[in-house]
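This report refers to the structure that appears directly beneath it.
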Amino acid sequence: MKVSGSVRVPGDKSITHRVLLLSALTKGISHIGGALTSLDAQSSARVLRQLGAEVSPLRKGATVTVRGRGRFQRPERALFCGNSGTTTRLLLGLLAAHRFSATLTGDASLRRRPMRRVTTPLATMGARFTEQDGDGLPVTIRGGALRPLRYEMPVSSAQVKSAILLAGMAGEVDVSLQEPSGRSRDHTERLLQAFGYPISERDGWLHLRPGGRLEPFDLQVPGDPSSAAFLVGAAVLAESGELCISGVGLNPTRIGFLEVLSRMGARTTMENLAPHFGEPVGDLLVRPAPLTGTEVKASEIPGLIDEIPLLAVLASRASGTTTFRQVGELRVKESDRLGLIAENLRSVGAEAEVVGDDLVVNGRESVPRGSVRTAGDHRLAMAFAVLGTVPGARIRIDDLACAAVSFPDFPETLRSISGGRA
Ligand code: S3P
């Protein structure tokens, strides 16, 4: 396959959720350009409307207008968060500071995902929770006046960190937290700092103090590096050509996959890097390259957590072994991603196994052929679609439509860069 062209990827999912949530809490009108319009972003917009914000329809290419009332209003019905863990967990942080009760629920995948990692620290701050079905959704929160929190997080997670920071912001109390290993994405910190909230870091502890003020804003969301990663992967696997992905977010806490790819022998360069509304944005140039296996350390995992499915399929084409250390978190993503990466790699003829909490992939030259079970997980579907671009590959994916959770038009975009081959 020859790869060519210059493409843009849809808006960053993490940033879109955060700016929708924050704009809905301001008093006045915000304008958000380049917002993601995927199913997950629609989930944030939908629940924010239920909480009293006016959010214009999320349509590709259109600026989103959000009119917030300064506070959320008590919702009349349960807040259905679809497949979106980020919507659910970040919203719980904001609702912790609101004196009414609200019930959050979601699709079958989201209902199974752990929520105590967020409700435990928020309960320590003073919010009250009623679970209906153990550690998952539905959950009912009743917020109110909050207490300061000093908290050692049991897992490195940007969603948990953000829920606590947002509770501190909305409840006007100090919060301090520590992540156990590596550094998770820092979009919430960057946004809150832009609104004047004092955030500092010392001895591995992150502190937020009250003092800022949310105001309506105009902002342009950069392209999502996690979506770009799939196109990068396809370009690396190609036989010739060069791909440019322009206007993509290159926040250092999101691009750990580029560092791993460079260790594996891939040739990517970042160009035209410039700060854009508090986030580094630029163009990514990628060329095909033969890959060799590597070890991905536990401390690197938070910086590439969403790119492991893609890196694992690339590792199956590399010479030698690739080991991803301590990736147990993948068991509680949109699916049991850890088990399904290994199972699906084996099912297309590759060699992969889960050893404790590590994922071990041995590269092979044989052409991948077989069936893939995604369990509705968008990142599994896209990773195996990328593997399907290997010449001669025949991979049947049970549900590629689920890519629309984060990357609308993914199949078309993949086809466009590979001259119709994918
Ligand atoms: C996200 C954080 C990560 C990531 C998810 C988005 C965010 O989840 O997997 O896709 O926007 O904060 P965890 O915080 O559970 O690692």
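The values are calculated or read from the model by the stated rules, or taken from the named source; none is laboratory data. Since the model is a prediction, treat every value here as computed from it, not as a measurement. Positions of Cβ are backbone-derived with ideal geometry, glycine not excepted, and every protein chain shown enters the neighbour counts.
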- Item | Candidate set from segment 321-335 (those that are touching an Asp or Glu at 6+ places or on another chain (Cβ under 8 Å) and aliphatic (A, V, I, L, M)); member that is farthest from VAL360 (Cα to Cα) | LEU330
- Query: Just to be sure, is SER200 surrounded by fewer than 19 Cβ atoms within 10 Å (Cβ to Cβ) and within 16 Å of the ligand (Cβ to nearest atom)?
  - Reply: no
- Pair list, Cβ < 8 Å and 6+ apart or interchain, from segment 81-95 residues that are in contact (Cβ under 8 Å) with a residue 24 or more places away in the chain and β-branched (Val, Ile, Thr) to residues that are away from the ligand (no atom under 12 Å from the Cβ) and not in a helix (DSSP H, G or I): THR87/CYS81; THR88/CYS81; THR88/LEU104; THR88/GLY106; THR88/LEU137
- Message: Looking at ASP174, ASP203, ASP135 in this structure, which one is within 20 Å of PRO302 (Cα to Cα), among the charged types (D, E, K, R) and out of contact with any strand residue (DSSP E or B) (no Cβ under 6 Å at 6 or more places or on another chain)?
- Response: ASP203
- Item | Close pairs from segment 8-21: first modelled with pLDDT under 95, partner more than 12 Å from the ligand (Cβ to nearest atom), Cβ under 8 Å, at least 6 apart | none
- Query: Being over 21 Å from HIS187 (Cα atoms) and either of a type in the set (Ser, Thr, Tyr) or surrounded by fewer than 19 Cβ atoms within 10 Å (Cβ to Cβ) (or both), is that true of even one residue in segment 82-96?
  - Reply: no
- When PHE195 is evaluated against the numbered criteria (1) more than 16 Å from the ligand (Cβ to nearest atom); (2) under 14 Å from the mean Cα position of the chain (by Cα), which criterion, by number, is the only one it fails? (2)
- Message: So, in segment 289-316, exactly how many residues are of a type in the set (Gly, Ala, Ser) and part of a helix (DSSP H, G or I)?
- Response: 5
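Residue by residue through segment 11-34, note down the ones that are more than 14 Å from the ligand (Cβ to nearest atom) and at negative phi.
SER23, ALA24, LEU25, THR26, LYS27, ILE29, SER30, HIS31, ILE32, GLY33
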- Between a first residue in segment 295-317 that is closer than 18 Å to GLY356 by Cβ and free of Cβ contacts under 8 Å to residues at least 60 places away in the same chain and a second residue that is part of a helix (DSSP H, G or I) and of a type in the set (A, V, I, L, M), which pairs have beta carbons less than 6 Å apart while being 6 or more apart in sequence or on different chains? VAL296/VAL260
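Taking the options VAL47, VAL118, name whichever one is under 19 Å from HIS31 (Cα atoms) and within 16 Å of the ligand (Cβ to nearest atom).
Values: VAL118 fails: under 19 Å from HIS31 (Cα atoms).
Residue meeting the stated conditions: VAL47.
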- So which pairs qualify, if the first residue must be in segment 111-129 and more than 20 Å from PHE100 (Cα to Cα), the second must be assigned to a strand (DSSP E or B), the Cβ gap must be under 7 Å, and the two must be at least 6 apart or on different chains? ARG111/THR105
- Taking segment 65-81 and keeping only residues that are surrounded by 21 or more Cβ atoms within 10 Å (Cβ to Cβ) and over 22 Å from ARG213 (Cα atoms), one is left with LEU79, CYS81
- Message: Going through ALA238, ALA234, ALA266 one at a time, which residue ends up being aliphatic (A, V, I, L, M), in contact (Cβ under 8 Å) with a residue 24 or more places away in the chain and in contact with a Lys or Arg (Cβ under 7 Å, 6 or more places away or on another chain)?
- Response: ALA238
- Query: Looking at SER157, is it in contact (Cβ under 8 Å) with a residue 40 or more places away in the chain, within 14 Å of the ligand (Cβ to nearest atom) and small (Gly, Ala, Ser)?
  - Reply: yes
- Query: Got at least one residue in segment 282-299 being under 18 Å from the mean Cα position of the chain (by Cα) and buried (at least 20 other Cβ atoms within 10 Å of the Cβ)?
  - Reply: no
- Query: Of the residues that make up segment 32-39, is at least one surrounded by fewer than 23 Cβ atoms within 10 Å (Cβ to Cβ), under 14 Å from the mean Cα position of the chain (by Cα), over 15 Å from GLY247 (Cβ atoms) and touching a residue at least 24 places away in the same chain (Cβ under 8 Å)?
  - Reply: yes
- Counting only residues that are without any contact (Cβ under 8 Å) to a residue 40 or more places away in the chain, of a type outside the set (A, V, I, L, M) and part of a loop (DSSP other than H, G, I, E, B), which one in segment 142-154 is nearest to the ligand (Cβ to nearest atom)? PRO154
- Taking the condition within 28 Å of PRO180 (Cα to Cα) and not basic (Lys, Arg), does LEU380 pass? yes
- Query: Restricting attention to segment 102-140, and to residues there that are of a type in the set (Gly, Ala, Ser) and surrounded by 16 or more Cβ atoms within 10 Å (Cβ to Cβ), which single residue is farthest from ASP174 (Cα to Cα)?
  - Reply: SER109
